[in-house]
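Written out below as structure tokens is the structure these notes cover.
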Amino acid sequence: MRWLVAGASGMLGTDLLEVLRQRGDEVVATDRDTLDITDVAAAREAVAGVDVVVNCAAWTAVDPAEDHEPEAFTVNAVGPHVLATACTGAGARLVQISTDYVFEGGASTPYAEDAPMAPRSAYGRTKAAGEWAVRAAGPDHLVVRTAWLYGAAGRCFPRTIARAGAERGALQVVDDQVGQPTWTRDLATLVVRLVDADAPGGTYHGTSGGSTSWYGFAREVVAAAGLDPEIVSPSRSVALDRAAPRPAYSVLGHDALRAVGVEPIGDWAERWRVAASDVLA
């Protein structure tokens, strides 16, 4: 099978390349310097002869997007539209990576795959538009929503927290945002398993099981780093004064995966214990 990974130099893209190469699949890796996903001609040329395209490219700077929504829209909506249309024309399948930010974040039970989207931030609006564009371009494409990603190949919450804990000796972390910490290696593997299963086109959730707050996750991180979890104390989101609102509840359900016979990622705490040494190395 021949794959193309857009945004291959990012945290998820790096792990996806490793998973695919370990399988012996042929992979074309692109980043912003080698493929402009908004360029129609370039996209058509890039996907020719490819079986699956995974779009990991995105504008992920949540707060700056509030003041640069047109630019974020270009990357997060126009780019996926161009890629999806090119894939449909070439007979390739697109896997579009999306986000929990497409939801309002006020739920108290896990969001189903078909729950209404109601993004509150510019980032969420542009990612929701990207989902619509991909679905409109062809029924075979996959949208995989994820959240709270961490990995070894980029800046992420665990590495930031572990370093700050070692340097400061005391941390305050919000306990009023709940979600599912998800290892990029697990998400990469899930994407491959979905494609291998020839899953029907549609929307799936690629997050770990269970849930915790950023505060709860931070305590597990500092413990894995050999520090005392008691150095972490809870705080409230209002104290952060950020430009973009964060979803208070980002727990995603996994019924669509189970319905097509694909096992969801395991519990977040169990997966963190497996990932910790690699991520914090």
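The values are calculated or read from the model by the stated rules, or taken from the named source; none is laboratory data. Keep in mind it's a predicted model, so treat the numbers as computed, not measured. A quick note on method: Cβ atoms are made from the backbone with ideal geometry, for glycine too, and the neighbour counts reach across all protein chains shown.
Residue check, V52 against (1) touching a Lys or Arg at 6+ places or on another chain (Cβ under 9 Å); (2) farther than 21 Å from L20 by Cα, all met but one. Which one?
(2)
Which members of region 6-45 meet the condition of being assigned to a helix (DSSP H, G or I), more than 22 Å from C156 (Cα to Cα) and not aliphatic (A, V, I, L, M)? Spell out the reasoning first.
Here is the first cut: in region 6-45, the ones assigned to a helix (DSSP H, G or I) are 11-23, 40-45.
Filter once more, so that each one left must be more than 22 Å from C156 (Cα to Cα): 20-23, 40-45.
Of everything in region 6-45, those that are assigned to a helix (DSSP H, G or I), more than 22 Å from C156 (Cα to Cα) and not aliphatic (A, V, I, L, M) turn out to be R21, Q22, R23, R44, E45.
Identify all residues within region 217-228 that are among the aliphatic types (A, V, I, L, M) and outside any loop (DSSP other than H, G, I, E, B); write none if there are none.
A218, V221, V222, A223, A224
Take the residues in region 49-68 that are farther than 20 Å from T85 by Cβ and not small (G, A, S), then tell me which one is surrounded by the fewest Cβ atoms within 10 Å (Cβ to Cβ). Before the answer, list the steps.
Within region 49-68, the subset farther than 20 Å from T85 by Cβ is 60-68.
Those still in the list that are not small (G, A, S) too: 60, 62-64, 66-68.
Details: T60: 18, V62: 19, D63: 14, P64: 16, E66: 16, D67: 11, H68: 14.
Only one residue fits best here, namely D67.
Scan R145, R155 and give me the residue that is in contact with a Phe, Trp or Tyr (Cβ under 8 Å, 6 or more places away or on another chain), of a type in the set (K, R) and either crowded, with 22+ Cβ neighbours inside 10 Å or part of a loop (DSSP other than H, G, I, E, B) (or both). Quick ask: steps written out before the conclusion?
Values: R155 fails: in contact with a Phe, Trp or Tyr (Cβ under 8 Å, 6 or more places away or on another chain).
None of the other options fit; the residue is R145.
Filter region 98-112 down to residues that are within 15 Å of the chain's Cα centre (by Cα) and among the aromatic types (F, W, Y) and give me whichever is surrounded by the fewest Cβ atoms within 10 Å (Cβ to Cβ). Full working, then the answer.
Of the residues in region 98-112, the ones within 15 Å of the chain's Cα centre (by Cα) are 98-103.
Narrowing the set further to residues that are among the aromatic types (F, W, Y) leaves 101, 103.
Working: Y101: 28, F103: 24.
In this case the residue turns out to be F103.
Can you name the number of the only condition in (1) assigned to a helix (DSSP H, G or I); (2) farther than 23 Å from P245 by Cα; (3) modelled with pLDDT of 95 or more; (4) out of contact with any Asp or Glu (no Cβ under 7 Å at 6 or more places or on another chain) that E167 fails?
Answer for E167: the failing condition is (3).
If you scan region 25-48, which residues turn out to be among the small types (G, A, S) and either surrounded by 14 or more Cβ atoms within 10 Å (Cβ to Cβ) or at pLDDT below 95 (or both)? Spell out how you get there, then give the answer.
Quick first cut of region 25-48, residues among the small types (G, A, S) only: 29, 41-43, 46, 48.
Answer for region 25-48, where residues must be among the small types (G, A, S) and either surrounded by 14 or more Cβ atoms within 10 Å (Cβ to Cβ) or at pLDDT below 95 (or both): A29, A42, A43, A46.
Kindly provide the set of residues from region 245-261 that are among the aliphatic types (A, V, I, L, M) and more than 18 Å from the chain's Cα centre (by Cα), ordered by number.
Start the filter on region 245-261 by keeping residues that are among the aliphatic types (A, V, I, L, M), which leaves 248, 251-252, 256-257, 259-260.
Once the filter is applied, which keeps residues that are among the aliphatic types (A, V, I, L, M) and more than 18 Å from the chain's Cα centre (by Cα), region 245-261 yields A259, V260.
Condition (residue is farther than 17 Å from S250 by Cβ, touching a residue at least 40 places away in the same chain (Cβ under 8 Å), surrounded by fewer than 18 Cβ atoms within 10 Å (Cβ to Cβ) and touching a Cys at 6+ places or on another chain (Cβ under 8 Å)) applied to region 169-184: is it met by at least one residue? Walk me through how you get there before you give the answer.
Residues of region 169-184 that are farther than 17 Å from S250 by Cβ, as a first pass: 169-172.
Next, from what is left, pick out any that are touching a residue at least 40 places away in the same chain (Cβ under 8 Å): 169-172.
Checking which are surrounded by fewer than 18 Cβ atoms within 10 Å (Cβ to Cβ) leaves us with 169-170, 172.
Then drop every residue that is not touching a Cys at 6+ places or on another chain (Cβ under 8 Å), which leaves none.
No, region 169-184 has no match at all.
Say whether the condition of being in contact with a Cys (Cβ under 9 Å, 6 or more places away or on another chain), at pLDDT 95 or above and not β-branched (V, I, T) is met by at least one residue in region 86-93.
Yes, there is a match, as at least one residue in region 86-93 is in contact with a Cys (Cβ under 9 Å, 6 or more places away or on another chain), at pLDDT 95 or above and not β-branched (V, I, T).
Going through region 225-259 one residue at a time, which ones are of a type in the set (A, V, I, L, M), exposed (fewer than 14 other Cβ atoms within 10 Å of the Cβ) and more than 30 Å from D67 (Cβ to Cβ)?
Our first condition is that a residue be of a type in the set (A, V, I, L, M); within region 225-259, this holds for 225, 227, 231-232, 238-240, 243-244, 248, 251-252, 256-257, 259.
After this cut, where a residue has to be exposed (fewer than 14 other Cβ atoms within 10 Å of the Cβ) as well, the list is 238-240, 243, 259.
Hit for region 225-259 is A259, nothing else.
If I filter region 177-216 down to residues being among the acidic types (D, E) and either touching a helix residue (DSSP H, G or I) at 6+ places or on another chain (Cβ under 7 Å) or assigned to a loop (DSSP other than H, G, I, E, B) (or both), which single residue comes out as farthest from V274 (Cα to Cα)?
Here the residue is D198.
Test A244 against the stated conditions and say whether it is of a type in the set (A, V, I, L, M), over 23 Å from A197 (Cα atoms) and in a helix (DSSP H, G or I). Full working, then the answer.
Working: of a type in the set (A, V, I, L, M): yes; over 23 Å from A197 (Cα atoms): yes; in a helix (DSSP H, G or I): no.
No: the conditions fail for A244.
If you go through region 9-21 one residue at a time, do you hit one that is of a type in the set (S, T, Y) and under 15 Å from A188 (Cβ atoms)?
Yes: one or more hits.
For T88, are the conditions met, namely being among the polar types (S, T, N, Q) and surrounded by 21 or more Cβ atoms within 10 Å (Cβ to Cβ)? Lay out the reasoning, then the answer.
Working: among the polar types (S, T, N, Q): yes; surrounded by 21 or more Cβ atoms within 10 Å (Cβ to Cβ): no.
In short, no.
Quick grid of which residues meet (1) touching a residue at least 40 places away in the same chain (Cβ under 8 Å); (2) small (G, A, S); (3) buried (at least 18 other Cβ atoms within 10 Å of the Cβ):
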{"residue": "Q96", "(1), (2), (3)": "yes, no, yes"}
{"residue": "D114", "(1), (2), (3)": "yes, no, no"}
{"residue": "A118", "(1), (2), (3)": "no, yes, no"}
{"residue": "S121", "(1), (2), (3)": "yes, yes, yes"}
{"residue": "A133", "(1), (2), (3)": "yes, yes, yes"}
